[in-house]
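Presented below is the structure to which this report refers.
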């Protein structure tokens, strides 16, 4: 059952989508322990058959998050000055980023080195005085192939670093062009109409995938990560523009079913391609590679359109559950990958059936995220380190009772 879409002074659908995307990210990073792709630690029993399921979200999950983050920034920008917006975002994003790099992320690097040493006992590496060597960048943890682990690092927190950077760039744009928000919205509404709603973004994303990706890849190092910036910042700006557009909301809703069908077809094509060439034999032809760049782009954009369209149609109500989860996704994101890495490394040594092991890993990760959130939101000095603002829960509840 659906309810009429509310006026665009608040987008509950985008809040729900943001929560769902972050939860899917937890499942995705759990899967990274099992698939053949490189990651910080790996299961001794790789599951190649998991790859097609991982590819269900791989093309679009982070692009969607940047789009939704851009939309959230629009609502903030319309209620505050450019200076206030910048200060608020820096105050919310910078402390957790630094805290994560110094405290939360180091265990990921530690177990990455420990596992490498176990697999390469003659590497000459050690984890003595690990944290001190980590924060000073003096670990010299280099593999036999010459690749070195550079520390301190932000690992999965690259998303937060990029979001902070994009917010500052947008603030500078708003400072010199006060009506940039309305201009971006008008441009999006003008371009994304009719068939252009699906065609132009696919062409754009396919072009970036065909030109920038082969040259620069994805590094998440901020500097030189041109392909990721081109995609992610564009998505951020698009979210900023569509946040308050009733026209775009209605258009996305109208094409949700065709977009979903196209996304599923593109996923099937991309998954078959990845599976067929997963061992780099045979080598795909340049023409096939080019076609698949645009198949990937089709999957990316059509999945996002379908999610936004179905969200706008059905996710129109807020409530206490949404408020709780909306605040919780930042702490969840901050700690989830460290929880997965640490628990996966130790669970793998118990010799459990792999299905049971995976289920325990997923449940324990979510439990750890909820526990972290419940603890962090109650401690004033800790809240800021987990991206939470305002008063601790008990203080806020007491004040509400006193004012009743």
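The values are calculated or read from the model by the stated rules, or taken from the named source; none is laboratory data. Computed from a predicted structure; not experimentally measured. Note: ideal-geometry Cβ built from the backbone for every residue, glycine included; neighbour counts use all protein chains shown.
Residue 267 fails exactly one of the following numbered conditions: (1) over 19 Å from residue 205 (Cβ atoms); (2) surrounded by 21 or more Cβ atoms within 10 Å (Cβ to Cβ). What is the number of that condition?
Of (1) over 19 Å from residue 205 (Cβ atoms); (2) surrounded by 21 or more Cβ atoms within 10 Å (Cβ to Cβ), only one is false for residue 267: (1).
Yes/no matrix, rows are residues, columns are (1) crowded, with 18+ Cβ neighbours inside 10 Å; (2) on the phi < 0 side of the Ramachandran plot; (3) modelled with pLDDT of 95 or more:
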{"residue": "95", "(1), (2), (3)": "no, yes, yes"}
{"residue": "100", "(1), (2), (3)": "yes, yes, yes"}
{"residue": "103", "(1), (2), (3)": "no, yes, yes"}
{"residue": "107", "(1), (2), (3)": "yes, yes, yes"}
{"residue": "111", "(1), (2), (3)": "yes, yes, yes"}
{"residue": "124", "(1), (2), (3)": "no, no, no"}
{"residue": "129", "(1), (2), (3)": "no, no, yes"}
{"residue": "139", "(1), (2), (3)": "yes, yes, yes"}
{"residue": "144", "(1), (2), (3)": "no, yes, no"}
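Starting from residues that are surrounded by fewer than 22 Cβ atoms within 10 Å (Cβ to Cβ) and touching a helix residue (DSSP H, G or I) at 6+ places or on another chain (Cβ under 7 Å), keep the ones in segment 226-247 and report whichever is nearest to residue 165 (Cα to Cα).
Among those residues, the one meeting the criterion is 233.
Looking at this structure, is residue 118 out of contact with any helix residue (DSSP H, G or I) (no Cβ under 6 Å at 6 or more places or on another chain), outside any loop (DSSP other than H, G, I, E, B) and under 30 Å from residue 181 (Cα atoms)?
no
Residues to consider are 66, 75; find the one that is crowded, with 22+ Cβ neighbours inside 10 Å and in a helix (DSSP H, G or I).
None of the other options fit; the residue is 66.
So which helices (runs of 4 or more DSSP H) are wholly in segment 314-402 and hold at least 1 residues that are modelled with pLDDT of 95 or more, out of contact with any helix residue (DSSP H, G or I) (no Cβ under 9 Å at 6 or more places or on another chain) and more than 22 Å from residue 158 (Cα to Cα)?
So the answer is 320-347, 354-376.
Please work out if residue 49 is surrounded by fewer than 20 Cβ atoms within 10 Å (Cβ to Cβ), modelled with pLDDT of 95 or more, farther than 28 Å from residue 165 by Cα and more than 13 Å from the chain's Cα centre (by Cα).
Yes, satisfied.
Just need a number here: residues in segment 198-217 that are buried (at least 17 other Cβ atoms within 10 Å of the Cβ) and over 16 Å from residue 63 (Cβ atoms).
Summing the residues that are buried (at least 17 other Cβ atoms within 10 Å of the Cβ) and over 16 Å from residue 63 (Cβ atoms) in segment 198-217 gives 1.
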